[in-house]
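Written out below as C-alpha coordinates is the structure these notes cover.
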Amino acid sequence: MSYETIIVERHDAVTLVTLNRPQALNALNSQVLADLIDVMAAYDADPGQRCLVVTGSEKAFAAGADIKEMADKSGPDMYSAELYAEWSTRVCATRKPWIAAVAGFALGGGCELAMMADFIIAADTAKFGQPEITLGVAPGMGGSQRLTRALGKAKAMEMCLTGRRMDAAEAERAGLVARVVPAADLLGEALSTAKAIAAMPPLAAIANKELVNVAFETSLSQGLVNERRLFQLLASTQDKAEGMSAFIEKRPPTWTGR
Ligand code: CAA
(Lines give C-alpha, C1' and ligand atoms only; values in the text may rest on other atoms or scores of the structure.)
Protein backbone atom coordinates (compact mmCIF):
# COMPACT_ATOMS: atom_id res chain seq x y z
CA MET A 1 0.00 0.00 0.00
CA SER A 2 1.33 3.42 -0.84
CA TYR A 3 -0.08 6.69 0.44
CA GLU A 4 0.63 10.36 -0.09
CA THR A 5 0.94 11.49 3.52
CA ILE A 6 1.64 8.37 5.58
CA ILE A 7 4.20 5.57 5.43
CA VAL A 8 2.86 2.10 6.11
CA GLU A 9 5.10 -0.81 7.07
CA ARG A 10 4.34 -4.30 8.25
CA HIS A 11 6.27 -5.76 11.17
CA ASP A 12 4.93 -9.31 11.17
CA ALA A 13 1.37 -8.97 12.53
CA VAL A 14 1.85 -5.29 13.43
CA THR A 15 1.07 -2.42 11.05
CA LEU A 16 3.22 0.66 11.62
CA VAL A 17 1.76 3.92 10.29
CA THR A 18 4.07 6.96 10.26
CA LEU A 19 2.53 10.37 9.62
CA ASN A 20 4.69 11.96 6.96
CA ARG A 21 4.11 15.67 6.38
CA PRO A 22 7.33 16.97 7.93
CA GLN A 23 7.01 20.37 6.25
CA ALA A 24 3.79 20.96 8.23
CA LEU A 25 4.70 19.11 11.45
CA ASN A 26 2.27 16.38 10.37
CA ALA A 27 -0.71 18.73 10.45
CA LEU A 28 -3.82 16.73 9.65
CA ASN A 29 -5.03 17.97 6.28
CA SER A 30 -7.83 16.22 4.41
CA GLN A 31 -5.36 13.92 2.63
CA VAL A 32 -3.86 12.69 5.93
CA LEU A 33 -7.36 12.10 7.27
CA ALA A 34 -8.35 10.14 4.15
CA ASP A 35 -5.12 8.11 4.20
CA LEU A 36 -5.56 7.29 7.88
CA ILE A 37 -9.10 5.99 7.62
CA ASP A 38 -8.15 3.99 4.57
CA VAL A 39 -5.20 2.27 6.26
CA MET A 40 -7.17 1.66 9.44
CA ALA A 41 -10.04 0.04 7.54
CA ALA A 42 -7.53 -2.14 5.65
CA TYR A 43 -5.90 -3.10 8.96
CA ASP A 44 -9.24 -4.00 10.54
CA ALA A 45 -10.16 -6.17 7.54
CA ASP A 46 -6.84 -8.06 7.41
CA PRO A 47 -6.87 -11.16 9.61
CA GLY A 48 -3.07 -11.32 9.44
CA GLN A 49 -2.69 -7.93 11.16
CA ARG A 50 -3.41 -7.84 14.88
CA CYS A 51 -2.16 -4.54 16.21
CA LEU A 52 -1.40 -1.14 14.70
CA VAL A 53 0.84 1.72 15.80
CA VAL A 54 0.43 5.32 14.63
CA THR A 55 3.46 7.52 15.12
CA GLY A 56 4.87 10.79 13.83
CA SER A 57 8.34 12.33 13.77
CA GLU A 58 10.76 13.18 16.55
CA LYS A 59 9.53 16.78 16.49
CA ALA A 60 5.81 16.24 16.06
CA PHE A 61 3.29 13.48 16.34
CA ALA A 62 0.91 16.00 14.74
CA ALA A 63 0.63 19.75 15.33
CA GLY A 64 -3.12 19.77 14.86
CA ALA A 65 -5.68 19.98 12.13
CA ASP A 66 -4.25 21.85 9.13
CA ILE A 67 -4.83 25.50 9.97
CA LYS A 68 -4.02 26.63 6.42
CA GLU A 69 -6.70 24.32 5.05
CA MET A 70 -9.22 25.37 7.72
CA ALA A 71 -8.59 29.10 7.45
CA ASP A 72 -10.89 29.58 4.45
CA LYS A 73 -13.66 27.27 5.59
CA SER A 74 -16.76 29.07 6.82
CA GLY A 75 -18.86 27.99 9.77
CA PRO A 76 -21.79 27.06 7.52
CA ASP A 77 -19.41 24.99 5.32
CA MET A 78 -18.14 23.12 8.36
CA TYR A 79 -21.63 22.69 9.79
CA SER A 80 -23.17 21.34 6.61
CA ALA A 81 -20.22 18.99 6.03
CA GLU A 82 -20.23 17.95 9.73
CA LEU A 83 -16.45 18.49 9.50
CA TYR A 84 -14.44 15.66 11.13
CA ALA A 85 -17.56 13.83 12.33
CA GLU A 86 -17.55 10.96 9.84
CA TRP A 87 -13.77 10.75 10.01
CA SER A 88 -13.72 10.48 13.82
CA THR A 89 -16.51 7.91 13.73
CA ARG A 90 -14.59 5.79 11.24
CA VAL A 91 -11.31 5.98 13.17
CA CYS A 92 -13.10 5.05 16.39
CA ALA A 93 -14.92 2.20 14.62
CA THR A 94 -11.61 0.32 14.32
CA ARG A 95 -12.35 -2.87 16.19
CA LYS A 96 -8.82 -4.17 16.56
CA PRO A 97 -6.32 -2.58 18.96
CA TRP A 98 -4.14 0.36 18.00
CA ILE A 99 -1.60 2.46 19.86
CA ALA A 100 -0.44 6.05 19.43
CA ALA A 101 3.35 6.42 19.86
CA VAL A 102 3.82 10.13 20.51
CA ALA A 103 7.03 12.17 20.41
CA GLY A 104 7.13 15.96 20.25
CA PHE A 105 4.02 18.03 19.63
CA ALA A 106 0.59 16.41 19.90
CA LEU A 107 -1.53 19.54 19.67
CA GLY A 108 -5.15 20.17 18.76
CA GLY A 109 -6.19 17.47 16.31
CA GLY A 110 -2.86 15.73 16.99
CA CYS A 111 -3.74 15.35 20.67
CA GLU A 112 -7.25 14.34 19.65
CA LEU A 113 -5.98 11.66 17.26
CA ALA A 114 -3.68 10.30 19.98
CA MET A 115 -6.62 10.18 22.41
CA MET A 116 -8.67 8.18 19.90
CA ALA A 117 -6.05 5.42 20.15
CA ASP A 118 -6.62 2.60 22.61
CA PHE A 119 -3.69 3.98 24.56
CA ILE A 120 -0.75 6.32 24.19
CA ILE A 121 2.91 5.51 24.71
CA ALA A 122 4.78 8.80 24.96
CA ALA A 123 8.39 9.77 24.47
CA ASP A 124 9.80 11.98 27.21
CA THR A 125 9.75 14.77 24.61
CA ALA A 126 5.98 14.61 24.08
CA LYS A 127 3.88 17.73 24.58
CA PHE A 128 0.11 17.54 24.61
CA GLY A 129 -2.24 20.47 24.24
CA GLN A 130 -5.52 21.81 22.93
CA PRO A 131 -4.50 25.30 21.74
CA GLU A 132 -7.62 25.87 19.62
CA ILE A 133 -8.75 28.74 21.84
CA THR A 134 -5.69 30.71 20.70
CA LEU A 135 -7.06 30.44 17.14
CA GLY A 136 -10.51 31.63 18.17
CA VAL A 137 -12.09 28.19 18.12
CA ALA A 138 -12.42 25.09 20.31
CA PRO A 139 -11.40 21.46 19.85
CA GLY A 140 -13.27 19.91 16.93
CA MET A 141 -12.25 16.24 16.96
CA GLY A 142 -13.35 15.27 20.45
CA GLY A 143 -10.59 16.93 22.50
CA SER A 144 -12.77 18.73 25.02
CA GLN A 145 -14.63 15.49 25.73
CA ARG A 146 -11.82 12.91 25.70
CA LEU A 147 -9.38 15.16 27.57
CA THR A 148 -11.97 15.74 30.30
CA ARG A 149 -12.63 12.03 30.63
CA ALA A 150 -8.88 11.29 30.69
CA LEU A 151 -7.71 14.07 33.02
CA GLY A 152 -10.78 15.22 34.93
CA LYS A 153 -12.39 18.64 34.77
CA ALA A 154 -9.70 20.81 36.40
CA LYS A 155 -6.78 19.98 34.13
CA ALA A 156 -8.89 19.65 30.98
CA MET A 157 -10.56 22.99 31.61
CA GLU A 158 -7.23 24.67 32.31
CA MET A 159 -5.67 23.26 29.14
CA CYS A 160 -8.64 24.17 26.92
CA LEU A 161 -8.95 27.68 28.38
CA THR A 162 -5.24 28.56 28.33
CA GLY A 163 -3.87 26.36 25.54
CA ARG A 164 -1.16 25.25 28.00
CA ARG A 165 0.93 22.30 26.87
CA MET A 166 1.36 19.33 29.18
CA ASP A 167 4.69 17.53 29.13
CA ALA A 168 5.05 13.76 29.09
CA ALA A 169 5.76 13.37 32.81
CA GLU A 170 2.64 15.33 33.77
CA ALA A 171 0.61 13.45 31.15
CA GLU A 172 1.65 10.15 32.69
CA ARG A 173 0.86 11.34 36.23
CA ALA A 174 -2.53 12.60 35.05
CA GLY A 175 -3.42 9.33 33.32
CA LEU A 176 -3.40 10.63 29.74
CA VAL A 177 -0.66 8.24 28.65
CA ALA A 178 -0.01 4.64 29.57
CA ARG A 179 3.77 4.93 29.73
CA VAL A 180 6.63 7.37 29.10
CA VAL A 181 9.88 6.11 27.58
CA PRO A 182 13.10 7.80 26.45
CA ALA A 183 12.61 9.29 22.99
CA ALA A 184 15.21 6.99 21.45
CA ASP A 185 13.25 3.94 22.64
CA LEU A 186 9.77 5.09 21.61
CA LEU A 187 9.36 3.12 18.41
CA GLY A 188 10.98 -0.01 19.81
CA GLU A 189 8.77 0.08 22.92
CA ALA A 190 5.62 0.77 20.90
CA LEU A 191 6.37 -2.05 18.46
CA SER A 192 7.20 -4.56 21.19
CA THR A 193 4.00 -3.65 23.05
CA ALA A 194 2.06 -3.99 19.80
CA LYS A 195 3.70 -7.36 19.13
CA ALA A 196 2.70 -8.53 22.61
CA ILE A 197 -0.92 -7.56 21.85
CA ALA A 198 -0.68 -9.16 18.39
CA ALA A 199 0.32 -12.42 20.07
CA MET A 200 -2.93 -12.50 22.08
CA PRO A 201 -6.03 -14.36 20.92
CA PRO A 202 -7.60 -11.97 18.39
CA LEU A 203 -11.24 -12.29 19.43
CA ALA A 204 -10.34 -11.77 23.07
CA ALA A 205 -8.33 -8.67 22.07
CA ILE A 206 -11.34 -7.17 20.31
CA ALA A 207 -13.60 -8.04 23.23
CA ASN A 208 -11.25 -6.56 25.84
CA LYS A 209 -10.97 -3.34 23.84
CA GLU A 210 -14.74 -3.15 23.47
CA LEU A 211 -15.27 -3.65 27.19
CA VAL A 212 -12.85 -0.96 28.31
CA ASN A 213 -14.45 1.44 25.84
CA VAL A 214 -17.92 0.53 27.12
CA ALA A 215 -16.82 1.81 30.53
CA PHE A 216 -16.70 5.32 29.05
CA GLU A 217 -20.05 5.11 27.35
CA THR A 218 -22.42 3.62 29.86
CA SER A 219 -23.33 3.06 33.50
CA LEU A 220 -21.38 0.66 35.73
CA SER A 221 -24.30 -1.77 35.94
CA GLN A 222 -24.75 -1.83 32.16
CA GLY A 223 -20.97 -2.15 31.68
CA LEU A 224 -20.87 -5.11 34.06
CA VAL A 225 -23.67 -6.81 32.12
CA ASN A 226 -21.70 -6.26 28.90
CA GLU A 227 -18.59 -7.69 30.53
CA ARG A 228 -20.39 -10.81 31.71
CA ARG A 229 -21.93 -11.40 28.27
CA LEU A 230 -18.64 -11.06 26.42
CA PHE A 231 -16.85 -13.18 29.02
CA GLN A 232 -19.49 -15.87 28.52
CA LEU A 233 -19.37 -15.54 24.72
CA LEU A 234 -15.58 -15.90 24.68
CA ALA A 235 -15.98 -19.13 26.66
CA SER A 236 -17.42 -20.70 23.51
CA THR A 237 -14.35 -19.93 21.37
CA GLN A 238 -11.73 -22.44 20.27
CA ASP A 239 -9.12 -20.02 21.60
CA LYS A 240 -10.57 -20.30 25.11
CA ALA A 241 -10.33 -24.10 24.95
CA GLU A 242 -6.79 -23.81 23.57
CA GLY A 243 -5.68 -21.17 26.10
CA MET A 244 -6.90 -23.14 29.09
CA SER A 245 -5.58 -26.50 27.77
CA ALA A 246 -2.21 -24.91 27.04
CA PHE A 247 -2.03 -23.56 30.58
CA ILE A 248 -2.89 -26.93 32.12
CA GLU A 249 -0.52 -28.80 29.78
CA LYS A 250 2.26 -26.24 30.43
CA ARG A 251 2.80 -25.41 26.73
CA PRO A 252 2.46 -22.25 24.64
CA PRO A 253 -1.00 -21.75 23.07
CA THR A 254 -1.66 -21.60 19.33
CA TRP A 255 -4.44 -19.15 18.52
CA THR A 256 -6.80 -19.57 15.58
CA GLY A 257 -8.99 -16.51 16.08
CA ARG A 258 -12.04 -18.79 16.24
N1 CAA B 1 -1.53 23.50 10.42
C2 CAA B 1 -0.83 23.87 9.31
N3 CAA B 1 0.50 24.08 9.31
C4 CAA B 1 1.15 23.94 10.47
C5 CAA B 1 0.50 23.57 11.66
C6 CAA B 1 -0.91 23.32 11.59
N7 CAA B 1 -1.61 22.93 12.67
N8 CAA B 1 1.42 23.50 12.65
C9 CAA B 1 2.59 23.81 12.11
N10 CAA B 1 2.44 24.08 10.78
C11 CAA B 1 3.45 24.47 9.81
C12 CAA B 1 3.90 25.91 10.03
O13 CAA B 1 3.00 26.81 9.40
C14 CAA B 1 5.27 25.90 9.38
O15 CAA B 1 5.10 25.94 7.99
P16 CAA B 1 5.99 27.01 7.13
O17 CAA B 1 7.40 26.54 7.32
O18 CAA B 1 5.48 26.84 5.74
O19 CAA B 1 5.77 28.34 7.73
C20 CAA B 1 5.78 24.51 9.71
O21 CAA B 1 4.63 23.71 10.03
C22 CAA B 1 6.70 24.48 10.92
O23 CAA B 1 6.02 25.12 12.00
P24 CAA B 1 6.68 26.28 12.88
O25 CAA B 1 7.62 27.08 12.07
O26 CAA B 1 5.54 27.01 13.55
O27 CAA B 1 7.48 25.41 13.93
P28 CAA B 1 7.88 25.80 15.42
O29 CAA B 1 8.83 24.76 15.88
O30 CAA B 1 8.32 27.22 15.49
O31 CAA B 1 6.50 25.71 16.28
C32 CAA B 1 4.46 24.64 16.95
C33 CAA B 1 5.90 24.45 16.44
C34 CAA B 1 4.48 25.22 18.35
C35 CAA B 1 3.79 23.28 16.98
C36 CAA B 1 3.70 25.61 16.03
O37 CAA B 1 3.88 25.17 14.68
C38 CAA B 1 2.22 25.69 16.28
O39 CAA B 1 1.81 26.35 17.23
N40 CAA B 1 1.38 25.03 15.44
C41 CAA B 1 -0.04 25.12 15.52
C42 CAA B 1 -0.58 24.32 16.68
C43 CAA B 1 -2.09 24.46 16.77
O44 CAA B 1 -2.60 25.53 17.00
N45 CAA B 1 -2.82 23.35 16.58
C46 CAA B 1 -4.25 23.32 16.63
C47 CAA B 1 -4.80 23.39 15.24
S48 CAA B 1 -6.56 23.61 15.21
C49 CAA B 1 -7.20 22.08 15.46
O50 CAA B 1 -6.50 21.08 15.60
C51 CAA B 1 -8.69 22.05 15.47
C52 CAA B 1 -9.31 20.75 15.84
O53 CAA B 1 -9.44 20.41 17.00
C54 CAA B 1 -9.85 19.89 14.81
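Of note:
- Degrees, to the nearest 10: 202-217 long Cα axis against longest axis of the chain: 50
- Contact order normalised by residue count of region 156-245, Cα under 8 Å, 6+ apart, percent: 14
- Accessible surface calculations at 1.4 Å, restricted to protein heavy atoms, place region 89-222 at 46 Å² per residue.
- Principal-axis tilt of helix 153-162 within the chain, Cα atoms, nearest 10 degrees: 30
- Working from Cα pairs under 8 Å separated by at least six residues, relative contact order for region 85-210 is 30 percent.
- Distance from region 175-203 to region 35-63 (C-alpha centre basis), Å: 14
- Across region 170-258, counting alpha-carbon atoms alone, Rg and Dmax equal 16.5, 44 Å.
- Residue order by solvent-accessible surface for Arg10, Arg164, Arg95 is Arg95, Arg10, Arg164, largest first, with ligands and nucleic acids left out and a 1.4 Å probe.
- Whole-number percent relative contact order across the chain, with pairs defined as alpha carbons under 8 Å at least 6 apart: 16
- By accessible area with a 1.4 Å probe, ligands and nucleic acids excluded, highest first: order of Glu112, Glu242, Glu82: Glu82, Glu242, Glu112
- In this view, the solvent-accessible surface of Ser2, computed with a 1.4 Å probe and all protein chains in place, comes to about 110 Å².
- The portion of the accessible surface of the chain made up by carbon and sulfur, rounded to a whole percent, is 57 (1.4 Å probe; DNA, RNA and ligands excluded).
- Over all distinct Cα-Cα pairs of the chain, the Kirkwood formula returns a hydrodynamic radius of 19.2 Å.
- Figure note: Ile37, Ile248, Ile7 ranked by solvent-accessible area, largest first, 1.4 Å probe, ligands and nucleic acids not counted: Ile248, Ile7, Ile37.
- Magnitude of the charge dipole, the chain, Cβ model with Lys/Arg +1 and Asp/Glu -1, debye to 20: 720
- Helix 186-198 vs. the chain, principal-axis angle (Cα, 0 to 90°, nearest 10): 40
- When the surface is traced with a 1.4 Å probe over the full set of protein chains, Leu187 keeps roughly 70 Å² accessible.
The values are calculated or read from the model by the stated rules, or taken from the named source; none is laboratory data. This one's a predicted model, so the numbers in the text were calculated from it and none came from an experiment. For neighbour counting, all protein chains shown are included, and Cβ atoms are generated from backbone atoms with ideal geometry for every residue, glycine included. All accessible areas refer to the heavy atoms of the entire protein, side chains included, with ligands and DNA or RNA removed. Shrake-Rupley method; radii C 1.70, N 1.55, O 1.52, S 1.80 Å.
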